[in-house]
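The values are calculated or read from the model by the stated rules, or taken from the named source; none is laboratory data. In this text the structure is predicted, and so the values were computed from the model without any measurement. Cβ placement follows ideal geometry from the backbone for every residue including glycine, while neighbour counts extend to all protein chains displayed.
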Amino acid sequence: DSVFAHIVRAPEDPILGVTVAYNKDPSPVKLNLGVGAYRTEEGKPLVLNVVRQAEQQLVNDRSRVKEYLPIVGLAEYNKLSAKLILGADSPAIQENRVTTVQCLSGTGSLRVGGEFLARHYHQLTIYIPLPTWGNHPKIFTLAGLSVKTYRYYDPATRGLDFQGLLEDLGSAPSGAIVLLHACAHNPTGVDPTIQQWEQIRQLMRSKALLPFFDSAYQGFASGSLDADAQPVRMFVADGGECLVAQSYAKNMGLYGERVGALSIVCKSADVASRVESQLKLVIRPMYSSPPIHGASIVATILKDRNLYTEWTIELKAMADRIISMRQQLFDALRARGTPGDWSHIIKQIGMFTFTGLNSEQVVFMTREYHIYMTSDGRISMAGLSSRTVPHLADAIHAAVT
Ligand code: PLP
């Protein structure tokens, strides 16, 4: 008998499991709104033009070799990534008090940051928003932190529970870590306004709470890289410390290349270099060093003025298509006279709409209309097209009437 005979089957990942179910459905009208990946108007995955160009350059360069990267990754990529999120003129970068390490996309950056904090930071409690991306609690728990939640979303208004957020962070123990979605909060699509961010910043700094930003959608929310980075930059401009996990999965469409970065903004260059020395001790026994290809693509684009400009245009086009899907879905529901206020569809930002549909309604839409989404009613706007909006609107209409 197998020495593994006692092993019980683990449940499917709640997000990735949606695609597993979708793939099994033979219906020609089936629609997958579960995945957090961009699709074209034709429903196809998109490789950006600038990515193709950068890859071509890399292939043509015969001097390139496949040696190991250093533990912290590609130095040029790390510098460019810090500049992208913190701003080209960031004093923290100029003062050399930011350490940036290349990690395995956003997830790996969060995990390395979590492990570093668990080993070296004095407060082991991290507050994450309620709700949040389903992987957050698992990443931080396994990193060795103790996870608590703060109120974030108010189902009644389908907007931010700002009072609840301030109360919960206000009663958090001094020094606690707070996970903040830099923009395009997943799954709700609800972000604080800049004025609210400023209040959050003041409260957090007054209680010495440590910000840990998750920036998985820079440029994807508003179409502007700078606008989407503004909350992070506010927290860096005050001279305080913070962590930032970046991902190029969505904004460069490099999902499977696993390109991300963890930056830790410190008070001084001396502290930053000691922090980096310890980050290496976290990374080395985990995966030794990160992969070279994706980081080389990103560095090629970020350092070339023309490729960079072309990237911002392609990025804006993705963001705009998502925004247009919001409008089309909202209009389609209005045209059907679907009961309820659906204005949150056009108010929320980023890849997802938190529809407010409950799990029974989701089950109904999957069974009767072959539409797949997570059971919390989150739909990926990037998975929609002008052709499929009417089918989704019919399904929502039937589900709520
Ligand atoms: N953080 C949030 C909020 C996300 O939505 C995602 C992806 O869905 C990630 C992090 C990490 O993604 P990746 O590891 O593919 O960069």
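One residue is enough: does region 85-95 have a residue meeting the conditions surrounded by fewer than 22 Cβ atoms within 10 Å (Cβ to Cβ), assigned to a helix (DSSP H, G or I), away from the ligand (no atom under 16 Å from the Cβ) and among the polar types (S, T, N, Q)? Checked against the condition, which is being surrounded by fewer than 22 Cβ atoms within 10 Å (Cβ to Cβ), assigned to a helix (DSSP H, G or I), away from the ligand (no atom under 16 Å from the Cβ) and among the polar types (S, T, N, Q), region 85-95 yields at least one hit. Any residue in region 92-110 that is at positive phi sitting within a Cβ distance under 7 Å of a residue that is part of a helix (DSSP H, G or I)? List the pairs, counting only those 6 or more apart or interchain. From region 92-110, the pairs are ASN96/ALA269; ASN96/ALA272. In this entry, ILE349 is excluded by the filter for residues that are β-branched (Val, Ile, Thr) and assigned to a helix (DSSP H, G or I). For region 18-65, residues that are surrounded by 18 or more Cβ atoms within 10 Å (Cβ to Cβ), assigned to a loop (DSSP other than H, G, I, E, B) and of a type in the set (S, T, N, Q) total 0. Tallying residues that are touching a Lys or Arg at 6+ places or on another chain (Cβ under 7 Å) and either among the aromatic types (Phe, Trp, Tyr) or not in a helix (DSSP H, G or I) (or both) within region 101-113 yields 1. Tallying residues that are of a type in the set (D, E, K, R), surrounded by fewer than 24 Cβ atoms within 10 Å (Cβ to Cβ) and either assigned to a helix (DSSP H, G or I) or within 13 Å of the ligand (Cβ to nearest atom) (or both) within region 197-219 yields 3. Against the test of being in contact with a helix residue (DSSP H, G or I) (Cβ under 8 Å, 6 or more places away or on another chain) and modelled with pLDDT of 95 or more, the options GLY175, GLY170 yield a single qualifying residue, GLY170.
Where helices (runs of 4 or more DSSP H) sit wholly within region 252-346, those with at least 2 residues that are under 30 Å from ALA398 (Cβ atoms) and more than 16 Å from the ligand (Cβ to nearest atom) occupy 305-336. Going by what's in this entry, would ASP228 be described as at pLDDT 95 or above, over 18 Å from the mean Cα position of the chain (by Cα) and either within 16 Å of the ligand (Cβ to nearest atom) or charged (D, E, K, R) (or both)? Criteria not met by ASP228. Looking only at residues in region 340-357 that are out of contact with any strand residue (DSSP E or B) (no Cβ under 7 Å at 6 or more places or on another chain) and among the hydrophobic types (A, V, I, L, M, F, W, C), the one that is surrounded by the fewest Cβ atoms within 10 Å (Cβ to Cβ) is ILE346. Scanning region 186-196 for residues that are crowded, with 17+ Cβ neighbours inside 10 Å and out of contact with any Ser or Thr (no Cβ under 8 Å at 6 or more places or on another chain) yields THR188, VAL190, ASP191, PRO192.
Residues in region 129-144 that are buried (at least 17 other Cβ atoms within 10 Å of the Cβ) and either away from the ligand (no atom under 16 Å from the Cβ) or of a type in the set (Val, Ile, Thr) (or both): THR132, ILE139.
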